[in-house]
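Down below is the structure, laid out as structure tokens.
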């Protein structure tokens with residue numbers, strides 16, 4: 001390997017500062033460095049039927065569990081932010097054994113503390129992904145192996161099919177061989193107290209989550225099937241309980257003529273709460289004997305993307321999460337179902353410049369029968385670099 005000299009490092013810094021770096025990045029010794037990201041503005045008007053969504057994460061993008069129910073109707077709210085903007089660096093280094101060592105680090109500004117909206121609107125960066133790859137292995141933080149990126153629809157909302165999407169980034173060790181992947185990933189248990197109440201996040205797991213995944217790419221599109229096996233654990237005072245949990249998820253992206261496509265995702269399991277719908281349902285509930293019982297849940301989403309011409313496109317998305325609560329344990333305030341419809345119109349002004357407008361309708365129902373609706377109109381402008 002060539003030594004990374006001070007001269008070559010300074011040259012790279014000068015290239016960065018001057019804007020002379022090409023789209024494919026630059027080279028330092030035996031290491032190729034690429035970088036990219038995007039700047040995105042989101043402007044949203046949100047109106048909910050049963051109370052206002054509190055200032056915070058639920059106003060930045062759609063969170064199914066935060067759709068208000070059983071409250072008084074309030075006026076709509078208007079929010080602007082550029083928090084989804086992100087950047088990443090990737091490296092590839094040729095090693096003396098002929099193999100390649102890869103690195104990736106990525107940051108954005110979502111769901112972080114910072115300045116308020118009165119003056120600065122500043123937000124701290126957060127780590128999204130940070131991992132290395134070597135000889136089929138991945139070490140670090142990235143998307144959970146249980147999810148499939150091909151399941152994401154083409155939406156302005158941060159996720160789009162949030163109710164049903166398996167979504168999570170976490171530290172893991174993953175091995176990939178051809179179309180097969182296996183990983184051990186950071187565990188976490190979320191629990192509903194007996195009779196209902198605020199979520200308990202235990203951090204008491206003694207074993208990692210285990211994920212198996214198989215996927216293929218074909219002429220008609222892509223598909224994958226993933227299986228998750230995990231332990232749910234809670235230890236606090238007189239409580240010392242564990243139970244097993246499992247889940248299965250399948251996705252397919254079907255290519256149609258004119259670059260249109262259909263994207264389908266379906267997930268079901270027992271105790272997989274934090275993996276689906278941004279943890280709308282918890283993994284388990286405590287019974288009267290302080291023992292954990294896994295909560296069953298099932299989710300489904302379908303999205304159709306249509307290209308009107310080379311610059312204009314639209315998507316129509318439906319997403320559903322259904323939770324099988326034991327009301328005698330969870331209480332009547334637990335979420336029973338969430339679902340949403342999304343449609344948009346996106347204008348690709350140039351290869352790296354996009355404008356769009358999107359409408360989302362969402363509904364959440366709790367076990368008591370109370371429900372609430374959310375209507376949101378979103379405008380976005382995005383520059384990829």
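The values are calculated or read from the model by the stated rules, or taken from the named source; none is laboratory data. The structure presented is a predicted model; accordingly, all values stated were derived computationally and were not measured. Counting neighbours? That spans all protein chains shown, and the Cβs are built from the backbone with ideal geometry, glycine included.
So which residues in the range 328-343 are closer than 25 Å to residue 266 by Cβ and in contact (Cβ under 8 Å) with a residue 40 or more places away in the chain, if there are any at all?
Passing the criteria: 330, 334, 335, 338, 339, 340, 342.
Check whether at least one residue in the range 215-226 is free of Cβ contacts under 8 Å to residues at least 24 places away in the same chain, in a strand (DSSP E or B) and over 24 Å from residue 277 (Cβ atoms), and report yes or no. Yes: one or more hits. Filter the range 228-247 down to the residues that are without any contact (Cβ under 8 Å) to a residue 40 or more places away in the chain and either within 23 Å of the chain's Cα centre (by Cα) or within 18 Å of residue 279 (Cα to Cα) (or both) and list them by number. Matches in the range 228-247: 229, 246.
Yes or no: residue 210 touching a residue at least 24 places away in the same chain (Cβ under 8 Å), closer than 20 Å to residue 321 by Cβ and in a strand (DSSP E or B)? So residue 210 does not fit the description; no. Can you confirm whether residue 247 is buried (at least 18 other Cβ atoms within 10 Å of the Cβ) and at pLDDT below 95? The answer is no for residue 247.
Within the group 198, 193, which residue is surrounded by fewer than 20 Cβ atoms within 10 Å (Cβ to Cβ) and touching a strand residue (DSSP E or B) at 6+ places or on another chain (Cβ under 7 Å)?
On the way: 198 fails: touching a strand residue (DSSP E or B) at 6+ places or on another chain (Cβ under 7 Å).
Among 198, 193, only 193 is surrounded by fewer than 20 Cβ atoms within 10 Å (Cβ to Cβ) and touching a strand residue (DSSP E or B) at 6+ places or on another chain (Cβ under 7 Å).
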